[in-house]
1. Please list, by residue number, every one of the GluC sites (Glu not before Pro) in region 195-257 that is coil in DSSP and has at most 12 other beta-carbon atoms within 10 Å.
2. If each residue of separation counts as 0.36 nm, what is the full-extension length gain between residue 370 and residue 55 once their alpha-carbon separation is subtracted?
3. Using the count of nearby Cβ atoms within 10 Å as a rough guide to exposure, how do 255, 437, 224 rank from fewest to most?
4. Give me the percent of DSSP beta bridges within the chain that run antiparallel, rounded to the nearest 5.
5. In Å, what Rg and Dmax follow from the Cα atoms of region 481-543?
6. I'd like the Kirkwood hydrodynamic radius of region 2-85, using the inverse of the mean 1/r over distinct C-alpha pairs, in Å.
7. Give me the mean projected area, in nm² to one decimal, of the convex hull enclosing the Cα positions of the chain.
8. Through the Karplus equation 6.51 cos²θ - 1.76 cosθ + 1.60, θ set to phi - 60°, convert the phi angles of region 311-322 into ³J(HN,Hα) values in whole Hz; use x for Gly and Pro.
Amino acid sequence: MLRITEIKLPLVQAETLKHQDDEIRAAILKRLEIPESDLIRFEIFKRGVDARKSHAILYVYNIDIEVKDESRILARFKKDPHIKPAPDTSYQFVATNTQASEHRPVVVGFGPAGIFAALILAQAGFRPIVLERGKEVRERTKDTWGLWRKGKLNPESNVQFGEGGAGTFSDGKLYSQIKDPKHYGRKVLQEFVKAGAPEEILYISHPHIGTFKLVSMVEEMRSTIISLGGEIRFDHRVTEIDINDQQVQGVTLQTGEYLPTRHLVLAVGHSARDTFEMVYNKGIYVEAKPFSIGFRIEHPQSLVDRARYGKSYSDDILQKLGAADYKLVHHAKNGRSVYSFCMCPGGTVVAATSEPHRVVTNGMSQYSRNERNANAGIVVGITPEVDYPDHPLAGIELQRQLESHAYVLGGSNYSAPGQLIGDFLANRPSSEFGDVTPSYTPGVHLTNLESALPAFAIEAIREAIPAFAKQIPNFDLKDGILTGVETRTSSPIRIKRDDASLQSINTKGLFPCGEGAGYAGGILSAAVDGIKIAEAVSLSLNA
Ligand code: FAD
């Protein structure tokens, strides 16, 4: 297999894939100067967009090809950096259950990290048992809507907790900046496609699948794990880890049931605060880590599209490239960095608390991304050294304080406190919505957000918004909306693990995994971490 990179072609309609195939074949033949009969097959490995010239936006392809005489072509193009052997990205299991081991690993949490840990263990024949505190995804969806529609929170079944984990009600962005020399990300995307995701996620550079598709994919992956001998138990919250002689012996559930295991994957996500407290109290090594706090910002999507597509903005471009996104960073004079987080084109702002009497914002969208508003977190980085130095769990305390205050500012009924951008910049309370209607439900209560975050964060965001308007004209739109608070940007702790065995540095048999453990941020990286942990568990089970 060879890989040709940087083949540039004009944009085409997404539906006209056949035409695209013909064009791509022609481009390959021209590039390699070979007859059609020498090209056996090709597969698009990646497709990006080159939008540097707004009047001539292009697709940029990396294509894997099988040709009749590969070595002759490689010799002919040996000085060409864009024609090389394609790396082998196929997934290889590091260990399988050939010893018919009776020891079953236990995976706590069925978000992306837990799903992939369990899937790989199941595929390798280790029959994992998954314990998930929340409900199966359809039931969970009803509970989540209960908060959004009726202001009724179920603390065990919500946006953060339940089958599929935190990203189930999300934009389903499936890209990450992690280093991935073993191509685990490819395995994740291939499994998602098997579970029903559109094939395009394998090759487009910024794939997303939206919330509806995620729900059915999660169900499909559950069936696969069960068909391979795994077990998944919902409404099973782990309340205690039994440790003897610095080795995990088993876990206790909220029902009092005890489950013995010497291989425990802890993939509980960034919101399992009760579990973090238990882990800390058991003496398992935990340290505080940086995270970010801020607000969600909402603009009309057309404002972002116009800024991003510039002169080529038209219905035609929108149809071909979809709602535009942005990624912004500003280094404020007070030394803080402000950046956009989890931008959701054509999406909605969602209520994302898992604890009663607290308000947290986040964003999600459907596959079509065709809601009226664009939203993103506008967040400020904070660190334990400067902002919460006293205790490994002090970051959680800070999150709780901000979320409780937001609940009160919002009117103590799960409405989010909000302010128009113009009023926020001028530091005066808002009293009336303008041209932008907020999407957060159960509602937005207009107020002054001045007290919603520490002063340094307010100051940095006030400076950043006009600076962002230099990149996205009208980003400081006076009627744009800020809602708060955005506090669950990543885990406030790390359950530190040993680099080689991936087990806790002071508790054998405990494999901290995914975002909650501080080793991932986002769906793809959490899933990749799940694969890594499954491999470490497999090796340990076979040792
Ligand atoms: P989680 O997904 O949080 O899963 C942890 C699971 O553990 C949960 O199901 C929880 O119920 C369970 N659990 C917790 N404690 C216990 C216990 N004691 N016993 C048993 N079970 C327990 N990321 C992206 O990459 N793209 C996006 O578009 C995106 N959008 C998002 C939108 C929203 C609204 C939210 C909330 C998050 C979004 N994210 C997105 C972030 C992404 O969801 C997370 O990074 C990812 O889900 C982390 O995966 P995880 O498996 O480590 O943890």
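1. 257
2. Length gained, residue 370 through residue 55: 111.0 nm.
3. So the ranking, lowest neighbour count to highest, is 255, 437, 224.
4. 80
5. My reading of the Cα-based Rg and Dmax gives 14.3, 56 Å.
6. One decimal place: 13.5 Å for the Kirkwood radius.
7. Convex hull of Cα atoms, orientation-averaged projection: 26.4 nm².
8. Running phi through 6.51 cos²θ - 1.76 cosθ + 1.60 with θ = phi - 60° gives 5, 8, 4, 6, 4, 4, 5, 4, 5, 7, 10, x Hz.
Computed from the coordinates by the stated procedures, all read-outs in this text should not be read as laboratory data. Quantities reported herein were computed from a predicted structural model and do not represent experimental measurements. Note: ideal-geometry Cβ built from the backbone for every residue, glycine included; neighbour counts use all protein chains shown.
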